Amino acid sequence: MGKGAVAAVFALLVVLVLAVVVVLITQGSVAIPLGEVVRVLTGRGAESEITRTIVLDARLPKVVAGLLAGAALAVGGTQMQTLFRNPLADPFVLGVSSGAVLGAAVVILGTGGVGWLAGLGVVSRLGVTGAAVAGAAAVLLIALGIARRVGDPVVVLVVGVMLGYLAGAIVDMLVYYTDPDRLQALATFTRGSVRNVTWDELQIISIACAVVLGLSVYLAQPLNALLLGERYASSLGVNVRRVHFLSLASVAVLSGITTAYCGAIGFVGLAAPHLARGLLRTADHRLILPASALIGAAIVLVAEYIAGGNGLTRTSLPLNSVTAFVGAPVILWVLLSGRSRKQAR
């Protein structure tokens, strides 16, 4: 694909994301004209304090959280598909998000953790965030260790699914033996939502995601080398262990952060990289990573709108209920296209 076509694809993706952002901010149970939104965002004042509150405190945090969560999950999925050499790898499918939920659940439902952190606001969320990152990292390390020993992408995928079920079973046991009054705090982690993120929490999410997404730019070229195998990458002077460590650490942080604040949002990290490769007709991470980030952000924002978070439906649905409609067809497409290629050989 030529440079002009690549630029056109990126321009289209940016326009798509901006269009969804505008719709999410202006449309809802209370419609707000775009001009009024612009006045609020530029600090020129709004016609009413209610309008300002709706835009700045209700809708804008949700939109920013959706942008960051979608971009983070998509970049994490792209890196995992390269590291595991598995087109079906992503934080949700391989159980990484489930590990993050388990880590968060231990802090939220744990006897000591909640008692110490319940009244500390953002500090409490930091405790949940750290536990979510640790849980995601633990599952990632187990999955990578099995991948190196077995080498079969299908086996790794099955093991990842089993790890996800195991983490989910442990969470269910914790829920069963926990005081019912504490269960509401855990509800968002199992369903996925960007509707309750506050500006204080966004400061943490933004800093973490900015650092790790910036790191992905540095990893783009080494990941390109890894597409042809670890030995080939080493022959080019790539420090394979460092790339593995940085990639796994970034995926764990991204998965842990997004899960701690937005819940376990599924299928975005799986679908976005494949859609990016299909649009750009390349596997170059220098293009795929930013394109995946834009597509992931668009998927989460569109899913949020469809799920009813902005007044489209009377009942708000979990994000996972909507993102599955994108992720499931992509899984089938990857499986069927891979089988067709094998039969053609």
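Values for this structure:
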item: Members of region 30-50 that are surrounded by fewer than 19 Cβ atoms within 10 Å (Cβ to Cβ) and under 30 Å from the mean Cα position of the chain (by Cα); result: VAL30, ALA31, LEU34, VAL38, LEU41, THR42
item: Near pairs, Cβ below 8 angstrom, 6+ apart or cross-chain, from region 48-74 (of a type in the set (S, T, N, Q)) to any residue that is in a helix (DSSP H, G or I); result: THR51/GLU36; THR51/VAL40
item: Residue count, region 55-80 (criterion: farther than 14 Å from ALA252 by Cα and either among the acidic types (Asp, Glu) or in contact with a helix residue (DSSP H, G or I) (Cβ under 9 Å, 6 or more places away or on another chain) (or both)); result: 15
item: From GLY237, GLY214, residue being loosely packed, with under 14 Cβ neighbours inside 10 Å, at pLDDT 85 or above, assigned to a loop (DSSP other than H, G, I, E, B) and small (Gly, Ala, Ser); result: GLY237
item: Subset of region 206-223 (residues that are under 13 Å from LEU83 (Cβ atoms) and touching a residue at least 60 places away in the same chain (Cβ under 8 Å)); result: SER216, LEU219, LEU223
item: Residue check for ALA169: at pLDDT 85 or above, among the hydrophobic types (A, V, I, L, M, F, W, C) and under 20 Å from LEU141 (Cβ atoms); result: yes
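Condition check ((1) under 28 Å from THR259 (Cβ atoms); (2) assigned to a loop (DSSP other than H, G, I, E, B); (3) among the basic types (Lys, Arg)) across all residues:
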| residue | (1), (2), (3) |
| --- | --- |
| GLY28 | yes, yes, no |
| VAL38 | no, no, no |
| ILE50 | no, no, no |
| ILE54 | yes, no, no |
| LEU60 | yes, no, no |
| ALA65 | yes, no, no |
| GLY77 | yes, no, no |
| LEU88 | yes, yes, no |
| GLY99 | yes, no, no |
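Every residue, every condition in (1) surrounded by 24 or more Cβ atoms within 10 Å (Cβ to Cβ); (2) in a helix (DSSP H, G or I); (3) not acidic (Asp, Glu), yes or no:
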residue: SER255; (1), (2), (3): yes, yes, yes
residue: LEU287; (1), (2), (3): no, yes, yes
residue: PRO290; (1), (2), (3): no, yes, yes
residue: VAL300; (1), (2), (3): yes, yes, yes
residue: GLY308; (1), (2), (3): no, no, yes
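The values are calculated or read from the model by the stated rules, or taken from the named source; none is laboratory data. Just so it is clear, the structure is predicted and the values come from calculations on it, not from any experiment. Virtual Cβ from ideal backbone geometry, glycine too; neighbours counted across all protein chains shown.
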